[in-house]
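One structure is given here, and the rest of the page talks about it.
The values are calculated or read from the model by the stated rules, or taken from the named source; none is laboratory data. Bear in mind the structure is a predicted one, so any value in this text is a computation, not a measurement. All Cβ positions, glycine included, derive from the backbone under ideal geometry; neighbour counts span all protein chains shown. Protein only, heavy atoms only, side chains kept; ligands, DNA and RNA dropped before computing areas. Shrake-Rupley method; radii C 1.70, N 1.55, O 1.52, S 1.80 Å.
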Amino acid sequence: MLFEDDYLAVILKPAGVLVSGNSFKTITNALVGNITKSELPDATKPQPVHRLDFETTGVLLVGKTSSSIRALNKLFEDKDIKKTYYATAIGNMDSEGQITTNIDGKTSKSNYTLCKTVLSKRFGILNLVKLEPQTGRRHQLRKHLSRIGHPILGDKVYGIEPLILNGKGLYLHAYSLQFTHPFTHEQLFLKDELPERFKKLFIGIQL
């Protein structure tokens, strides 16, 4: 738990768990027993207001009342929530760039910044990349990096043979959310440090 009040909570999602869906083991189902029930009149079952992929780790925003769920969804719709991710991408990349390929027929945009590069016997070059999605399409960051020839390490769906890493998970981490609390108007910047598997690749990295 990174933050919690009567309106919302920000939690840390582990890898290998669905945010929602028909499975019993989901973040949505786990919230009821792990989040303090709101004391406000329109308190409702806690509900994630965005999604992270099954294998993606990191910061997840949850609404605790009917009005807060609506307000948080509106912040996402109006692009008033800044999301930052980090990924390990394969191959020799430019120091920064913008990816604007369409996804499912819809305009999509992601900005990236190269933070650190290391040599790899198997993959040649591995990069720690800061990612700032400007739109919210399904699998956007994974698709964007794959389409410019730099798939995310461990991505079995959008990876490129023979550069698919098995058994280590997807190297994509939802690092931070930044937004104005829709009810208290507090400026919130909530972040989750890089997982250890990132730190083992990029020794001494400071964000």
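Candidates (1) 47; (2) 51; (3) 40; which is the computed percent of Cα pairs over 23 Å apart? Recomputing percent of Cα pairs over 23 Å apart here picks out (1).
About its Cα centre, the range 76-140 has a charge dipole of approximately 280 debye under the convention of +1 per Lys or Arg Cβ and -1 per Asp or Glu Cβ, with nothing else charged. To the nearest 10, the accessible area of T44 is 60 Å² with a 1.4 Å probe. Summarising the amide proton neighbourhood of T56: residues at separation of 5 or more, or on other chains, whose placed amide H is nearer than 5 Å comprise G16.
Positive-end ranking of T117, L52, Q134 along the dipole of the range 1-139, with charges on Cβ about the Cα centre, is headed by T117. Taken about its Cα centre, the chain carries a charge dipole of roughly 700 debye when the Cβ of each Lys and Arg holds +1 and the Cβ of each Asp and Glu holds -1.
Shown in residue order for the range 118-123 are the 3J(HN,Hα) couplings computed by the Karplus curve 6.51 cos²θ - 1.76 cosθ + 1.60 at θ = phi - 60°: 10, 7, 9, 4, 7, 9 Hz (x for Gly and Pro).
Using a 1.4 Å probe on the protein heavy atoms, what percent of the accessible area of the chain belongs to carbon and sulfur? Carbon and sulfur together cover 49 percent of it.
A simple rule links phi to the HN-Hα coupling: the Karplus curve 6.51 cos²θ - 1.76 cosθ + 1.60 with θ = phi - 60°, which for the range 5-15 gives 9, 6, 9, 8, 9, 10, 10, 9, 8, x, 6 Hz, with x for Gly and Pro. The count of lysine pairs in the range 72-126 with alpha-carbon distances below 24 Å, taking only pairs 8 or more places apart or on different chains, stands at 12. Mean-square fluctuations from a GNM of the chain, with a 10 angstrom spring cutoff on Cα atoms, peak among I152, I164, I90 at I164.
Comparing P46, P162, P182, which has the greatest mean-square fluctuation in the GNM of the chain with Cα pairs linked when under 10 Å apart? Per the Cα network of the chain with a 10 Å cutoff, P162 tops the list.
In order along the range 45-59, phi translates into HN-Hα couplings of 4, x, 9, x, 9, 7, 10, 10, 4, 3, 8, 7, 9, x, 7 Hz, rounded to whole numbers, per the Karplus curve 6.51 cos²θ - 1.76 cosθ + 1.60 with θ = phi - 60° and x for Gly and Pro.
Measuring with a 1.4 angstrom probe and ignoring ligands and nucleic acids, E96 comes out at about 120 Å² accessible. Taking amide H as placed 1.01 Å from N in the peptide plane, the amide H of K116 sits under 5 Å from that of L128, each at least 5 places away or on another chain.
Ranking of D53, D104, D78, D155 by solvent-accessible surface, largest first: D104, D78, D53, D155 (1.4 Å probe, protein heavy atoms only, all chains present).
With protein chains left intact and a 1.4 Å probe, residues in the chain average 52 Å² of accessible area per residue.
If you sort K121, K130, K200 by accessible surface, 1.4 Å probe, largest first, the order is K121, K200, K130. Compute the Cα gyration tensor for the range 82-140, then decide on rounded, prolate or oblate, letting a ≥ b ≥ c be the square roots of its eigenvalues: rounded whenever a/c is under 1.5, prolate when a/b is larger than b/c in the other cases, and oblate in all that remain. It comes out prolate by the Cα gyration axes. Compared with the alpha-carbon gap, the fully stretched path from K79 to T180 is longer by 35.2 nm at 0.36 nm per residue. With a ≥ b ≥ c taken as the square roots of the eigenvalues of the C-alpha gyration tensor of the range 29-94, please select rounded if a/c is under 1.5 and otherwise prolate if a/b is larger than b/c or oblate if it is not? It comes out oblate by the Cα gyration axes. For the set K83, K74, K25, the ranking by accessible area, highest first and with no ligand, DNA or RNA atoms included, is K25, K74, K83 under a 1.4 Å probe. Calculated mean residue ellipticity at 222 nm for the chain: -4500 deg cm²/dmol, from DSSP H runs with n ≥ 4 weighted as -39500 (n - 2.57), summed, divided by the residue count and rounded to 500.
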